[in-house]
Amino acid sequence: MTTLPDAPPVGWSNALRDRRDRRLPRIAGPSGLVVFGVTGDLSRKKLMPAVYDLANRGLLPPGFTLVGFARRDWADEDFAQVVHDAVREHARTPFHEEVWHQLAEGMRFIPGDFDDDTAFKQLKAAVEELDHSRGTAGNHAFYLSVPPRFFPKVVRQLKKHGLADAPEGSWRRAVIEKPFGHDLRSAEELNRVVHDVFEPDQVFRIDHYLGKETVQNILALRFANEMYEPVWNRSYVDHVQITMAEDIGIGGRAGYYDGIGAARDVVQNHLLQLMALTAMEEPIAFDAESLLTEKLKVLKSVRVPRNPGEHTVLAQYAEGWQGGEKVAGYLQEEGIDAQSRTDTYAAIRLEVDNRRWAGVPFYLRTGKRLGRRVTEIAVVLKRAPHSPFDATATEELGENAVVIRVQPDEGMTVRFGSKVPGTSMEIRDVSMDFAYGESFTESSPEAYERLILDVLLGDANLFPRHQEVEESWKILDPIEEYWARHGRPAQYAAGSWGPVEADEMLARDGRSWRRP
Ligand code: BG6
């Protein structure tokens, strides 16, 4: 249940009261969060700071509780100190002693591993004690920030110890981090195990891209305006390019990344979700069910490349230069097997077999150690069917494009041709820009803040359902299988924009990649 702040003053007209109500902040009701894998990087850099930022923005209930579970010999105070350090280092909002103090009072730590029945009994006792001392009212979310091989064990333990069953009038939810499986078979198995314990509407799968403000704006842009939808189809769109480029390498994540690679790490989830939001039909309402229905239709309509050798490229970064410094190739990274065939770059050409998109390629690419960090969706339009200007006038005119800049320079660009000032007719590309920072004074919450709040509110709009996860694997599996049989990934120099094979893939279609 959402607790609302004070009612508007008496005497307000109904219309005003309604308007104000709609803009009231969404505040979580009595609840707590239990985090498994609380000593991991994600927890330290994202989850703990997000919890603090939510508290600081006044969006958590006063008695909110945070319980850590991990194999460490810590007391509650040690855990609170770890959270404190993480917050001081990574939180986005200023540190306030009173907010921290109130939050820290609701922190508990349970030492143990996932086989340990005693630890789960302690967890149950702690949760019940918090219901009384902090008023969490039986409402608890269990966040599995652990490697997927532990998911089955943790959810079974939650069931065994009665933690998955909500007492009358309260709720229990499970939050699961990606990767959701390694392929379709393992994802189905995982979903079976999770759904054995939790009902589908109790399960929140995190794809943090959906928590990004700019990603949510794709739907606002498309469906709250009249401007874009009329051209958002095969009659006007030439192709779509979705890029998620990173300049970082794999950092200390060799253990997770090697054997997984870019396609599984990013295409299967983030990029296919971006594609689904870009291509889907208008949902009948902005709710989880309607969004699922439309995204699923897109994913099911994706035509899997018949010849992955021609329509997909997997590659690995080799030694190169970035920011004036020499950087090592993937195979030289610490913890990586010198023979590893893991892809750090993936480019995939897909088509959506439906009336709106028939014949329009969607090019998806992602990679580590590329030229710069940028995520964008570029909807590139066809050229005007006829030009009254002579050919020299339009020599420098490119294609019109609508570019949603997901990050880091959040906003949108519309590119079109304009007459160059002067005495002759010459037309050149110009851009019209919308930048969040210039148009809004409100700051965007970090993706994890938004998603954790939504879990506590039980709002599932921004969480992929298991059907989407499985459909996404159906798209990726044949590509992974093909490349597993066909030798080593291609190579690209660190700091470049990817392998030449990816350029050739677009060149075969008479197109080229954007250089964002
Ligand atoms: C994660 C991937 O899901 O997204 C990482 O596992 C990647 O490999 C990260 O670096 C990128 O997220 P963001 O929000 O920094 O673009």
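So for the chain, averaging the separation of alpha carbon pairs under 8 Å that are six or more residues apart and normalising by length, what relative contact order in percent results? Please report the intermediate quantities before stating the final value.
Working: 929 pairs, mean separation 84.7, N = 516.
Value for the chain: 16 percent.
On the full set of protein chains, 1.4 Å probe, figure out the accessible area of residue 325 and give it in Å² to the nearest 10.
Spelled out: residue 325, probe radius 1.4 Å, area about 120 Å².
Can you figure out the FRET efficiency of residue 372 with residue 484, using R₀ = 22 Å and their beta-carbon distance, to the nearest 0.05? Working shown, then result.
On the way: r = 31 Å, r/R0 = 1.39.
Once rounded, the FRET efficiency stands at 0.10.
On a full-extension model of 0.36 nm per residue, what is the gain between residue 101 and residue 186, subtracting their alpha-carbon distance, rounded to one decimal in nm? Mind dumping the intermediate values first?
Values: separation 85, 0.36 × 85 = 30.60 nm, distance 4.27 nm.
Working it through step by step, the gained length comes to 26.3 nm.
Do any of 45/295; 212/382; 46/178; 212/300; 326/368 go past 19 Å between their Cα atoms, and which?
Numbers: 45/295 30 Å; 212/382 29 Å; 46/178 14 Å; 212/300 24 Å; 326/368 15 Å.
Where the Cα-Cα span goes over 19 Å, the pairs concerned are 45/295; 212/382; 212/300.
Could you derive backbone 3J(HN,Hα) for the stretch 362-371 from the dihedral phi with the Karplus parameters 6.51, -1.76 and 1.60 (θ = phi - 60°), listing whole Hz in sequence and x where the residue is Gly or Pro?
For the stretch 362-371, the Karplus curve yields 10, 9, 10, 9, 8, x, 9, 6, 9, x Hz.
Based on Cβ point charges of +1 for Lys and Arg and -1 for Asp and Glu, what charge dipole magnitude is obtained for the chain about its Cα centre, in debye rounded to the nearest 20? Don't jump to the answer; show the numbers that get you there.
On the way: 64 positive and 79 negative charges, 157 e Å.
For the chain, the charge dipole is close to 760 debye.
Skipping prolines and chain starts, which residues have an amide H placed within reach, meaning under 5 Å, of the one on residue 27, given they are 5 or more residues away or on another chain?
Counting only residues 5 or more places away or on other chains, the set is 3.
Starting from the 7 Å offset along Cα-to-Cβ, what nm value, one decimal, do you get for the label separation of residue 125 and residue 418?
Using points 7 Å along Cα→Cβ, the separation is 7.0 nm.
For residue 175, what residues show an amide H to amide H distance below 5 Å, using hydrogens built from the backbone and excluding near sequence neighbours?
Correct list: 142, 143, 144, 204.
How do 384-392, 194-202 rank on mean C-beta neighbours within 10 Å, highest first? The partial results should precede the final answer.
Working: 384-392: 9.2, 194-202: 16.3.
By packing density, highest mean first, the sequence is 194-202, 384-392.
Taking a cut-off of 17 Å between Cα atoms, list the aspartates and glutamates near residue 159, but don't count ones fewer than 8 places away on the same chain.
113, 115, 116, 117, 128, 168, 196, 199, 201
What angle do you read, to the nearest 10 degrees and between 0 and 90, between the alpha-carbon axis of helix 76-90 and the longest principal axis of the chain?
Around 20 degrees separate the two axes.
Compute the label zone of residue 73 within the stretch 109-125: residues whose backbone N is under 14 Å from the point 7 Å along Cα-to-Cβ.
111-112
What number, in percent, do you get for the relative contact order of the stretch 117-268 if the mean sequence gap of Cα pairs under 8 Å and at least 6 apart is divided by its residue count? Walk me through the numbers on the way to the answer.
Working: 112 pairs, mean separation 27.6, N = 152.
Answer for the stretch 117-268 is 18 percent.
Rounded, prolate or oblate, given the Cα gyration tensor of the stretch 185-318, with a/c below 1.5 counting as rounded?
Working: a/c = 1.69, a/b = 1.17, b/c = 1.44.
Since a/c reaches 1.5 but b/c is at least a/b, the shape of the stretch 185-318 is classed as oblate.
Leaving out ligands, DNA and RNA, and with a 1.4 Å probe, what % of the accessible surface on the chain is carbon or sulfur? It would help to have the intermediate numbers written out before the result.
Working: 11730 of 23620 Å².
Ligands and nucleic acids excluded, carbon and sulfur give 50 percent.
Please work out how much length the chain gains when fully extended from residue 116 to residue 225, using 0.36 nm per residue of separation minus the C-alpha to C-alpha distance, in nm with one decimal.
On the way: separation 109, 0.36 × 109 = 39.24 nm, distance 5.42 nm.
Working it through step by step, the gained length comes to 33.8 nm.
Hey, what angle do you get for helix 288-301 against the long axis of the chain, alpha-carbon based, 0 to 90 degrees rounded to 10?
40
As a test question: what accessible area, to the nearest 10 Å², does residue 453 have when a 1.4 Å probe is rolled over all protein chains in place?
About 10 Å², ignoring ligands and nucleic acids.
Residue farthest toward the positive end of the dipole of the chain, with Cβ of Lys/Arg at +1 and Asp/Glu at -1: which of 420, 404, 31?
Of the candidates, 420 comes out farthest on the positive side.
With θ set to phi - 60°, apply the Karplus curve 6.51 cos²θ - 1.76 cosθ + 1.60 along the stretch 419-430 and write out the HN-Hα couplings as whole Hz, x wherever there is a Gly or Pro.
Each residue of the stretch 419-430 in turn: 5, 6, x, x, 8, 10, 8, 9, 10, 9, 5, 10 Hz.
Return the long-range amide H neighbours of residue 67 (sequence gap of 5 or more, or a different chain), with a cut-off of under 5 Å between placed amide H atoms.
Under 5 Å from the amide H of residue 67: 33, 34, 35, 108.
What is the list of residues in the stretch 31-72 whose amide nitrogen lies under 16 Å from a point 7 angstrom out from the Cα of residue 248, following Cα to Cβ?
Flagged as within label range: 40-50.
Show that you can apply the helix-only estimate: for the chain, add -39,500 (n - 2.57) for every DSSP H stretch of four or more residues, divide by all residues, and state [θ] at 222 nm to the nearest 500.
Numbers: 16 runs with 166 residues, N = 516.
Here the helix-only value at 222 nm equals -9500 deg cm²/dmol.
What are the ³J(HN,Hα) values, in whole Hz, obtained from phi via the Karplus relation 6.51 cos²θ - 1.76 cosθ + 1.60 with θ = phi - 60°, for each residue of the stretch 185-194 in sequence order, with x given for Gly and Pro?
4, 5, 5, 4, 4, 4, 4, 4, 4, 5
For a Förster distance of 35 Å, can you work out the FRET efficiency between the beta-carbons of residue 287 and residue 441, rounded to the nearest 0.05?
Values: r = 29 Å, r/R0 = 0.83.
Computed FRET efficiency for residue 287 and residue 441: 0.75.
If I take R0 = 30 Å and measure r between the Cβ atoms of residue 81 and residue 457 in this structure, what FRET efficiency does the formula 1/(1 + (r/R0)^6) give, to the nearest 0.05? Write down the numbers at each step before the final one.
Values: r = 29 Å, r/R0 = 0.98.
Rounded to the nearest 0.05, the efficiency is 0.55.
The values are calculated or read from the model by the stated rules, or taken from the named source; none is laboratory data. What you see is a predicted model, and the numbers here were worked out from it, not measured in a lab. As a convention, Cβ positions derive from the backbone with ideal geometry for all residues, glycine included, and neighbour counts pool all protein chains shown. Accessible surface is based on the protein model in full, side chains and every heavy atom, while ligands, DNA and RNA are left aside. Shrake-Rupley method; radii C 1.70, N 1.55, O 1.52, S 1.80 Å.
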